[in-house]
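The values are calculated or read from the model by the stated rules, or taken from the named source; none is laboratory data. On a predicted model such as this, the values are computed, not experimentally measured, just so you know. Reconstructed Cβ throughout: ideal geometry from the backbone, glycine too, with neighbour counts over all protein chains shown. Ligands, DNA and RNA are excluded from the accessible area calculation, which covers all protein heavy atoms including side chains. Shrake-Rupley method; radii C 1.70, N 1.55, O 1.52, S 1.80 Å.
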Amino acid sequence: MSSMNKMLKVIKREYLERVKKKSFLIGTILGPLLMGGIIFAPMMFMKFTPETEVKIAVIDQSGVIYGELESALTDTLSDGSAKYRLREIKSNGLEIESIKKGLNQEIESDAIDGYLILPSDVISESKATFFGKRLGNLKTMEKFESVIDNVVISERLKREGLRYDIVGKLVREVKIEMIQVKEGQEETGKGFDSIFMSTMVFIMMLYMSILMWGIAVQRSVIEEKNNRVIEVMLSSLRPIDLLIGKIIGVGAVGLTQYLIWVTCAIALALYGLSLGGPVAEVAASLSPATLGYFIVFYLLGFFFYATMFAGVGSVCNTDQEAQQLQQPIVLCLVFTIIIPMMIIQTPDGLFATVLSMIPLFAPIVMFMRINILTPPAWQIVLSILIMIGSIYISALISAKIFRIGILMYGKRPDVREIFKWMRRA
């Protein structure tokens, strides 16, 4: 039987062994559900969480804000009733601490949600204090801050003899609409938020899949080494054929999972476009070109890292030993997901360009650059060629380690001994 046929048998065995496992089925189903849940759940919760009445007591020591505040907070609930129930508290000669004591008891008994103290110098000092049991309702606090801010500014202008509405027109902010020009075409609706969100979603998927399936190759080598199955297999095929067969077989499993996820992603994208908001922005970024580059850089990244993980697996006898050796490799991958802000701000800068040419970072950084601002074609081609060359070199080195390490048991070899294996091989 030819070497190629033997390798194909290894690929088939690795592929079928994994796709038939329940863990593959569970991971494939849970993956899109988890990703969809992370993206859609907050929106669904916001959509279906009913708003409730907010009861606030107000101590207005300035005497100028309460009336404006009450007339401005006119939001209603779904049944048409008022959302904000305000109650003005007059001091009537009582000390403020005494009033607070009574209001604190009302908060404790849930008679009110909180109380707001507007001091007499609120116009000049711009400071007010809110007391409440639940301080997580940011939407309500933002509403109150906005209204009080407008009232205070209006009062200040009035004291200076100016009209709020006229000054408001004069100092109106300039809104800059951001339109990305990519490959000579204007792409509307692509602001910083959409670029950041889509980039983070894609690079997290690349990071997780390269890491997950790369370590799967490593574990496969360790398992078969411990079961002594590998000795039987090496009696009929070369170590290099076994190594390449394992990597391609596991990579094909990952690719199969990707194809299933892409199908789900297209369905989610169509649904996301109907929802609007940030989900639609991420969905709109799912172009055929983006998905194509995604698959290319997944394969390049997987094969490069998988060869290194296979080398680690061949010199280790347990997962615990492998975890220590794999740390430098994993840290290189982790580095690529902590720098997206630097890449997003200057995707064509020297830092981003250099990193996208270094094989350890290229699969994620170059894809990140392509998703943000398509770099010159020669840079993409050069990065891919460097990756292919690096995969070849990495495979040669791993094969030399694999050839000897796969049959070595007992104490884990040190770096000096591994270099001896490479020279001997």
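Of note:
- Residue within segment 383-393 that is in contact with a Gly (Cβ under 9 Å, 6 or more places away or on another chain) and either part of a helix (DSSP H, G or I) or at pLDDT below 80 (or both) present: yes
- Here Met43 meets the list (1) in contact with a helix residue (DSSP H, G or I) (Cβ under 8 Å, 6 or more places away or on another chain); (2) of a type in the set (A, V, I, L, M); (3) part of a helix (DSSP H, G or I); (4) at pLDDT 80 or above almost entirely, failing just condition (4).
- Residues that are β-branched (Val, Ile, Thr), at pLDDT 85 or above and either out of contact with any strand residue (DSSP E or B) (no Cβ under 6 Å at 6 or more places or on another chain) or more than 17 Å from Val54 (Cα to Cα) (or both) within segment 84-106 comprise just one, Ile99.
- Number of the condition not met by Gly36 [criteria: (1) open to solvent by less than 30 Å² (accessible area, probe 1.4 Å); (2) modelled with pLDDT of 80 or more; (3) part of a helix (DSSP H, G or I)]: (2)
- For Gly245, the conditions (1) open to solvent by 30 Å² or more (accessible area, probe 1.4 Å); (2) at pLDDT 70 or above; (3) part of a helix (DSSP H, G or I) are fulfilled apart from (1).
- Annotation note: Cβ proximity below 9 Å between a residue of segment 58-79 that is of a type in the set (A, V, I, L, M, F, W, C) and modelled with pLDDT of 85 or more and a residue that is assigned to a loop (DSSP other than H, G, I, E, B) and open to solvent by 40 Å² or more (accessible area, probe 1.4 Å) (sequence gap 6+ or interchain) occurs for Ile59/Lys90; Ile59/Ser91.
- When Glu51 is tested against (1) at pLDDT 75 or above; (2) open to solvent by 80 Å² or more (accessible area, probe 1.4 Å), exactly one condition is not met: (1).
- Listed by position, the helices (runs of 4 or more DSSP H) inside segment 287-376 whose residues that are closer than 22 Å to Gly389 by Cβ, touching a residue at least 40 places away in the same chain (Cβ under 8 Å) and open to solvent by 10 Å² or more (accessible area, probe 1.4 Å) number at least 3 are 288-315.
- Of all residues in segment 221-242 being open to solvent by 40 Å² or more (accessible area, probe 1.4 Å) and in a helix (DSSP H, G or I), the one that is nearest to Asp319 (Cα to Cα): Glu223
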